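Chemist: Below is the structure I would like to discuss, written out as structure tokens.
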Amino acid sequence: MRAAAAAGFQQRKQQQQQRGFSPPRLAGVDCEFCDRGFNTYASFDDCYAADVAFKPTGKGIQPAAYPALTTPPPDSGGEVSAAQASCPPAPAAGCLDYSGFTRWEVLYGSATAATDVVISGSVVLHGCAQPGGSVAVASITVLAGATLAVGDSALRLTFNRLRVNGSFAMGTPACPITSSITVTVPGGDETYGVDNAGSYDVHGLMQGPTWTRIAATVTAGSRVLPLQEAVQWQPGDKIVLVTTTWKDEVVNQNEVLTVAGVSADGRSVTTQQRVQFNHYGGEYQAEVGLLTRRILFTSDAVSTASGIGPHTTSFTPAMRISGAAFQAWGARNRPGRYSIHYHLAGNAPGAFVKNVAIYNSNWRCISIHGTNDVTLYGNVGFNIPGHCYYLEDGVEERCVMERNLAAFVHPIQTAGSGGGQAGTDRWQSADLFDPSDSGASGFYSLNAYNTWLNNAASGGFSGFTFPHAPRAIKDHRNIKKADGFPFDPSQRPFVLFKGNTAHSTGYFWEHNAAVYIGGMLFYKTDPADGQVKLFYNNGRGSIQADPLCPDPDWPSIEGNNDDCWVGSARSTKTADGAGDGFLVLQDTTAALANVGVTSWGDRVEVYNLRGFDLSRGSEYLGRSFMKDSFFRVNTSNSRNGWSQWPFSAKEFYWESQPIKGFEWYDTTTTTILSNIAFENYKYIKYVDDPEDWWYWQTPHAFRMLSHSDQFKPDKTMMVTKGISCNNCDMGSCSGGSCSGGAFFRVDETYRGSSWLFNWLDADGSVVRAAQPSKPAGPYLIASQPDWWRLDEAASWREPRFNNPWVSPMPVDEAAARLEMRVRAAGGQQYTLGAFDGQDVTRIGYVSQFGDVRKRVVMTRTEGTTGMTGKYGWYTVWNMTSTGYHAPKRLELILFNVPRNKAVLWASCWPPGTTFTISKLFEWADCQNVGPLTPVASRAALLASGGNNFWVDANSCLHLKLTDPGAHWKYTDSFQRDGLYVEEPIRWYDLRYVITTNMACADDFFCPLPGNPASRVPPAIPAMPPSCIDVQPPDATCGSVQCGWALDLGCKNPDVISNKFCQASCGSCPATLPVAQRMAVSITRLTRTAAGSQWRCSAVIKVTTAGSSTPVSGATAIIRWRTLSEHPGFPYTVTAATAGDGQVTTVSNRVPSGKGCRVVVLKVTKAGFEVFTTAVPASLSF
């Protein structure tokens, strides 16, 4: 976990204090790095010293000033028919006739507010038949088999509890209520509300859309709202005009207004009040939502003051609600007490909540808990503490969330924040029942396998949040899959995520996003009290979930607790769970957030993302593909100063992170971008002092992470095409240097993440933006060290990008990464593993062959990235100022050497040094090769398959480092839209281990005489044809595995046609030199009597490949076995060939009927390529 942002903040803070400098800013500092909660403080010190829970503050509207909802006046809009003038009203055509029901007043006419009413038959309640149109009772219970229907006439109904075991109907979907009905349930008691264990229907008339967007900007003082869609709202209706400023908790500009009139075409609304603030209607637009409904469920001042209001809970799928409003409902931090709640109702394909308004809620909008297939459509949630639309336990699937609006959503308690990526810890408590509510968002789910279509979110920690939960929680904590392993909700993909928007959000923390795929939620022991409880961290990292371990149900391959660590990365699978899948986001719009989309999962695809006024367009880890997307900053909303977004004004910029359209990550990610456009990225100099951290933080369309020597590129992680930047500053150039650019910058720091940066501009669109005269790509845009000067004539430093090297991408080569680990005989490491920390102490350099000036620094933190092929990696160890050194024992870890590619590596040792070298596969030791045999020339080494070495006249060791591939990851590459990135297939699996005979006092190094720069190997003009083993995708150590028990593998048509195992099978191209390769055959296999048993005898012949010249002194490794199982078999022997190139081997005794089989496994000889093709012969008897 990193704290880069926090470190940067501390750095600039110290710099300002030292120089007494302070840029212009608001009177109060909005401190987003303070993990005690986002608030407005007089200074950063006050922010860190504050010990307060999160509370909305600011200079805008106070939420307490929002007006209460009422139902429309009688006959509003003329919908009430003449038939309703009678009491009871005559049923509309096709609607239920309640004439056969018993009238309420007949049975309960004398009921009072203290009466508990029990319904045992079919009862209808007509408001028009009640005194004053009102009914007040203590409770209503509808027994199983009974029905309570509410007729279509004005009614005020008050109760504490409604229990439905039979049927309750207030309208139907086909015959909604057209009258005004108000249901009041008092607050202060969490048991108050509606509990349905039968069938529950509430339906009010709702015509036209419940919300839309403004069609043009509405300025302060206006009373007219132009709309994108025609509405049928009525005078007197309450509407919410949603903010288009950034930080709605600091400056609340969400306005609740009253409709004065609607134009004849329904596309313009006039309000009674004048609008107080500007609401943007340009690239993104303020939503306008209707709050008034025919049916109103409300509470009282006690509910608002205490946060304990009534609830609606259905324990069955039979709950359908539409055209109703809920005001001051829900009981905060009381489990299950939400305005509307499906609770453990199972599959509910007919259940829905449509066109409902949830206003000034105490907790949430709608919760779906342990229930599938529910539809939420056209709902409006406004001024909501906690997640608004909430899928609770992680098992809820196939639900449809379509065209819902969530606005002014509030984190509970201290909002999640933190420095860098780490986030902050939150524990379940009485005041925070679900700790993820500290990151409350408009839409929230642990399980993505649902439909999210055309929804809109404003405010909150994020608009849409999908945390990683390794297991379901709460009531489903112990749920298992069919295979007996725990159910992991984070593996589920979206059914559909399309057309969703989010704005005015994502500002509590620098990685806050409009759509946030990250954070962690699971059970853990709270060290404060020793209790196991829900734990939430809003950031990225790896945290031990101790209650899960040890646990026989928790998969642990190694039998340890390694798998008990929970990170923020969702490992999405396909819908059937059979393979790796992707979270796919389509047609998303994000505006006014720190980040548009943040995905810290393993795999994500993003199509047509539209981002506006974002501090960072998007950020992805794992494998990511983004296509047809557009990012514009400095819209009119920001240029006019309305949005409070920090692009143009220094005082606002101080409150944000550096602005980037897209930021390249620094390690172990794979990103493909296709057809991405940026606009309005302009150079802004925020401070004048180049020593100040902020001096270099001018906006850029592209930036890179460059602060770490621990986290470094492991390959060419970034591949792009179709990149454009309209109205972007490309910089002005003079005398070979440029300044004032805002397109792309390679930051130059003393860290590997900077030195080893490289980016494949596949079509040259990035390069040609800076140099239009250049031909089309591909180009490799790398970093500043001369290590990346790949072509003496064609490479150049690009001054508009801060002078990185740009080169035509070498044909048939790729970037590779080695970890060079110096280890003592006792196992101690001198170097530091890249995932174990960082140490920037310089210990040498790696240069290209032929020119030590083309080099890159090597530090004690392992990891060097460079090109495969002819360039070479010449490694020089220079730990102290006293001279050069050579390691006693060195491991060359092939973190990533792509298949069919090779790294030519060399380093020098003192004269007389001898080497023992092995090629070891940690997870597939059947492929091990060793000791490697020497060859006599560089040509022989270059022609080899990677299982030899050469020592030159300067005592420099040369290796051709190759990876034959691994069957379980043969296809481990990422391809999208014609672009390709080959992923690391090894990590720490494959390594060349070099042991020397050097003796000196130091555990790690011995002195190296002279300056090895003078011994740099000569450049290689071009790589000669070579023959490298590539494993078949289905290879295992017992079947078709290059170099191991191939038997018939070399005759396998797939192996032949795909050119697998060429070195092992002797099928290298004829152009390769064959003098250093051997051919092996079994010329005879016979049996001779040995008492009552037999011995088998085999003659093996070794010749130079392509000729009959015998090879003497070759060592053959031979395995004997019987054709059917017999004690003592199989076993292995070693023998050497004689002068005629032959060796005879005799088996142990074999009984009759067993037969014998001999296999030549490997043949080695100095000066020859190791022969590893399995050569078998069998004899039956």
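Chemist: Could you identify the single residue in Ser1064, Ser1057 that is at pLDDT below 70, outside the structural domain of Asn896 (by TED's automatic domain parsing) and surrounded by fewer than 21 Cβ atoms within 10 Å (Cβ to Cβ)?
Modeler: Ser1057
Chemist: Cys733 versus (1) in a strand (DSSP E or B); (2) hydrophobic (A, V, I, L, M, F, W, C); (3) surrounded by 24 or more Cβ atoms within 10 Å (Cβ to Cβ); (4) in contact (Cβ under 8 Å) with a residue 40 or more places away in the chain: which is the lone unmet condition?
Modeler: Among (1) in a strand (DSSP E or B); (2) hydrophobic (A, V, I, L, M, F, W, C); (3) surrounded by 24 or more Cβ atoms within 10 Å (Cβ to Cβ); (4) in contact (Cβ under 8 Å) with a residue 40 or more places away in the chain, the lone unmet condition for Cys733 is (3).
Table: residues versus (1) surrounded by fewer than 17 Cβ atoms within 10 Å (Cβ to Cβ); (2) in contact with an Asp or Glu (Cβ under 6 Å, 6 or more places away or on another chain); (3) of a type in the set (Val, Ile, Thr).
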{"residue": "Phe485", "(1), (2), (3)": "yes, no, no"}
{"residue": "Arg492", "(1), (2), (3)": "no, no, no"}
{"residue": "Ala502", "(1), (2), (3)": "no, no, no"}
{"residue": "Thr505", "(1), (2), (3)": "no, no, yes"}
{"residue": "Phe508", "(1), (2), (3)": "no, no, no"}
{"residue": "Ile517", "(1), (2), (3)": "no, no, yes"}
{"residue": "Phe522", "(1), (2), (3)": "no, no, no"}
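Chemist: Could I ask something else about it? Can you tell me which residues in the range 559-587 are of a type in the set (D, E, K, R), part of a loop (DSSP other than H, G, I, E, B) and at pLDDT below 90?
Modeler: Arg570
Chemist: Just to verify a result, which residue in the range 524-545, among those that are touching a residue at least 24 places away in the same chain (Cβ under 8 Å) and surrounded by fewer than 21 Cβ atoms within 10 Å (Cβ to Cβ), is nearest to Arg610 (Cα to Cα)?
Modeler: Checked the range 524-545; the qualifying residue nearest to Arg610 (Cα to Cα) is Gly541.
Chemist: Within the range 432-478, track down each residue that is of a type outside the set (Gly, Ala, Ser), part of a strand (DSSP E or B) and buried (at least 24 other Cβ atoms within 10 Å of the Cβ).
Modeler: Of everything in the range 432-478, those that are of a type outside the set (Gly, Ala, Ser), part of a strand (DSSP E or B) and buried (at least 24 other Cβ atoms within 10 Å of the Cβ) turn out to be Phe443, Tyr444, Trp452, Phe464, Thr465, His468.
Chemist: Restricting attention to the range 690-701, does a residue exist that is part of a strand (DSSP E or B) and surrounded by fewer than 22 Cβ atoms within 10 Å (Cβ to Cβ)?
Modeler: no
Chemist: Yes or no: the range 1123-1130 includes at least one residue that is of a type outside the set (Asp, Glu) and crowded, with 19+ Cβ neighbours inside 10 Å.
Modeler: Looking through the range 1123-1130, none of the residues is of a type outside the set (Asp, Glu) and crowded, with 19+ Cβ neighbours inside 10 Å.
Chemist: From (1) more than 12 Å from Glu392 (Cα to Cα); (2) in contact with a Pro (Cβ under 7 Å, 6 or more places away or on another chain); (3) crowded, with 24+ Cβ neighbours inside 10 Å, pick out the condition that doesn't hold for Gln428.
Modeler: Status for Gln428: all satisfied but (3).
Chemist: Please enumerate the residues belonging to the range 601-625 that are within 13 Å of the chain's Cα centre (by Cα) and either of a type outside the set (Val, Ile, Thr) or more than 13 Å from Leu673 (Cα to Cα) (or both).
Modeler: Residues satisfying the conditions are Gly601, Asp602, Arg603, Glu605, Ser618, Glu619, Tyr620, Leu621, Gly622, Arg623, Ser624, Phe625.
Chemist: Tell me the strands (runs of 3 or more DSSP E) entirely within the range 1075-1181 that contain at least 2 residues that are more than 24 Å from Ser944 (Cα to Cα) and touching a residue at least 60 places away in the same chain (Cβ under 8 Å).
Modeler: Those strands (runs of 3 or more DSSP E) span 1078-1090, 1093-1104, 1156-1164, 1175-1179.
Chemist: Would you check if there is a residue in the range 814-835 being of a type in the set (Asp, Glu) and outside any strand (DSSP E or B)?
Modeler: Checked against the condition, which is being of a type in the set (Asp, Glu) and outside any strand (DSSP E or B), the range 814-835 yields no hits at all.
Yes or no, residue by residue, for (1) touching a residue at least 60 places away in the same chain (Cβ under 8 Å); (2) farther than 23 Å from Phe297 by Cα; (3) assigned to a loop (DSSP other than H, G, I, E, B):
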| residue | (1), (2), (3) |
| --- | --- |
| Arg334 | yes, no, yes |
| Gly346 | no, yes, no |
| Ile358 | no, no, no |
| Ser361 | no, no, yes |
| Arg364 | no, no, yes |
| Ile368 | no, no, no |
| His387 | yes, no, yes |
| Tyr390 | no, no, no |
| Glu397 | yes, yes, yes |
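Chemist: Within the group Thr749, Thr716, which residue is outside any helix (DSSP H, G or I) and surrounded by 20 or more Cβ atoms within 10 Å (Cβ to Cβ)?
Modeler: None of the other options fit; the residue is Thr716.
Chemist: Need pairs with beta-carbon distance below 6 Å; first residue in contact (Cβ under 8 Å) with a residue 40 or more places away in the chain and assigned to a strand (DSSP E or B) and within the range 907-934, second of a type in the set (A, V, I, L, M) and surrounded by fewer than 17 Cβ atoms within 10 Å (Cβ to Cβ); sequence gap 6+ or separate chains.
Modeler: Qualifying pairs under 6 Å: Thr933/Ala1166; Pro934/Ala1166.
Chemist: Under the condition of being surrounded by fewer than 20 Cβ atoms within 10 Å (Cβ to Cβ) and basic (Lys, Arg), which residue from the range 822-861 is farthest from Leu756 (Cα to Cα)?
Modeler: Among residues in the range 822-861 that are surrounded by fewer than 20 Cβ atoms within 10 Å (Cβ to Cβ) and basic (Lys, Arg), the one farthest from Leu756 (Cα to Cα) is Arg823.
Chemist: Right, another one. Restricting to the range 399-423, name every residue that is in a loop (DSSP other than H, G, I, E, B) and among the hydrophobic types (A, V, I, L, M, F, W, C).
Modeler: Cys399, Ile412, Ala415, Ala422
The values are calculated or read from the model by the stated rules, or taken from the named source; none is laboratory data. Computed from a prediction, not measured in an experiment: that's the story for all the values here. Ideal geometry is used to build each Cβ from the backbone, glycine not excepted, and the neighbour counts take in all protein chains shown.
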